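Encoded as structure tokens, the structure appears first; notes follow it.
The values are calculated or read from the model by the stated rules, or taken from the named source; none is laboratory data. All values reported here derive from a predicted model rather than from experimental measurement. Reconstructed Cβ throughout: ideal geometry from the backbone, glycine too, with neighbour counts over all protein chains shown. Areas reflect the complete protein model, heavy atoms only, side chains present, ligands, DNA and RNA absent. Shrake-Rupley method; radii C 1.70, N 1.55, O 1.52, S 1.80 Å.
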Amino acid sequence: HDALPISDLRNREERFRSLVMNSSDIIAVISEEGEIGYVSPSVEHVLGYTPEEFAGGAGTKYLVEEDLPAAEQAWTEVLSEPGGSRIFEIRGRDKQGSVHWFEVTFTNLLADPNIRGVVANQRAITERKKAEARLLVTEEHYRSLVEDVPAVVYLAEFGPEGRWLYISPHIESLTGVSAEEWMSLPAP
């Protein structure tokens, strides 16, 4: 196919540069040996490091130590599969030491002559993790309330394909049938 005019190439390069500069995800290219060869400028507003401070070192330097085994497992798996990807969640520390959650996608592009590395796309998910934790606490609170009420509380899907979604443990004291057994019965 025909080569693009220089002006089109410059426009595409500027567009790509603008996208990378304004992304809220941290994008890094990591060598097979684990050294960061490139990190996007977003590392500065997400973690407080300049790209120069972050690049060149080991990709694990900012990770919470307890999460290193998960990162190492994903790394080993993605290296063994050219073109493959692995997604995992991990915690990292910013320059001030605060902990943040990230969803990381490793993609093995070592064979791609334009990349020659593993691309790590790191999306900040701290707010999502906080919301999940709040939801879990709320769910546990309501579950304990429902299970302590001296009555049967249930949730069911009604209709021809209906099924039981939840039945409180007090069903057994009223009917002699455990909640687990009751869940296997047809719903109304």
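Mind checking whether some residue in region 59-77 is without any contact (Cβ under 8 Å) to a residue 40 or more places away in the chain and either more than 20 Å from the chain's Cα centre (by Cα) or within 14 Å of residue 117 (Cβ to Cβ) (or both)? For region 59-77, residues without any contact (Cβ under 8 Å) to a residue 40 or more places away in the chain and either more than 20 Å from the chain's Cα centre (by Cα) or within 14 Å of residue 117 (Cβ to Cβ) (or both): absent. All of (1) under 23 Å from residue 37 (Cβ atoms); (2) surrounded by 12 or more Cβ atoms within 10 Å (Cβ to Cβ) hold for residue 170 with one exception: (1).
Applying the condition of being of a type outside the set (A, V, I, L, M, F, W, C) and under 23 Å from residue 187 (Cβ atoms) to region 130-149 and asking which residue is least open to solvent (accessible area, probe 1.4 Å) yields 147. Can you spot a residue in region 4-15 that is open to solvent by 60 Å² or more (accessible area, probe 1.4 Å) and at pLDDT 90 or above? Within region 4-15, none of the residues are open to solvent by 60 Å² or more (accessible area, probe 1.4 Å) and at pLDDT 90 or above. For region 60-80, the count of residues that are part of a strand (DSSP E or B) and surrounded by fewer than 15 Cβ atoms within 10 Å (Cβ to Cβ) is zero. Looking only at residues in region 81-103 that are among the β-branched types (Val, Ile, Thr) and open to solvent by 50 Å² or more (accessible area, probe 1.4 Å), the one that is farthest from residue 25 (Cα to Cα) is 99. In region 39-52, the qualifying residues are those that are open to solvent by 20 Å² or more (accessible area, probe 1.4 Å), in contact with a strand residue (DSSP E or B) (Cβ under 9 Å, 6 or more places away or on another chain) and touching a residue at least 24 places away in the same chain (Cβ under 8 Å), and the one that is farthest from residue 120 (Cα to Cα) is 49. Among the conditions (1) under 15 Å from the mean Cα position of the chain (by Cα); (2) open to solvent by less than 40 Å² (accessible area, probe 1.4 Å), the only one that residue 121 does not satisfy is (2). In region 85-104, the residues that are without any contact (Cβ under 8 Å) to a residue 24 or more places away in the chain reach residues that are outside any strand (DSSP E or B) and of a type outside the set (S, T, N, Q) with C-beta atoms within less than 6 angstrom, at least six apart or across chains, in these pairs: 86/74; 86/77; 86/78; 88/70; 88/74; 103/125. One residue alone among 156, 111 is open to solvent by less than 60 Å² (accessible area, probe 1.4 Å) and not hydroxyl-bearing (Ser, Thr, Tyr), and that residue is 156. Cβ separations smaller than 6 Å between residues 6+ apart or across chains give the following pairs from region 113-125 residues that are among the hydrophobic types (A, V, I, L, M, F, W, C) to residues that are open to solvent by 60 Å² or more (accessible area, probe 1.4 Å): 125/101. For region 85-124, a residue qualifies if it is hydrophobic (A, V, I, L, M, F, W, C) and touching a helix residue (DSSP H, G or I) at 6+ places or on another chain (Cβ under 9 Å), and the qualifying residues are 87, 88, 90, 99, 101, 102, 104, 106, 110, 118, 124.
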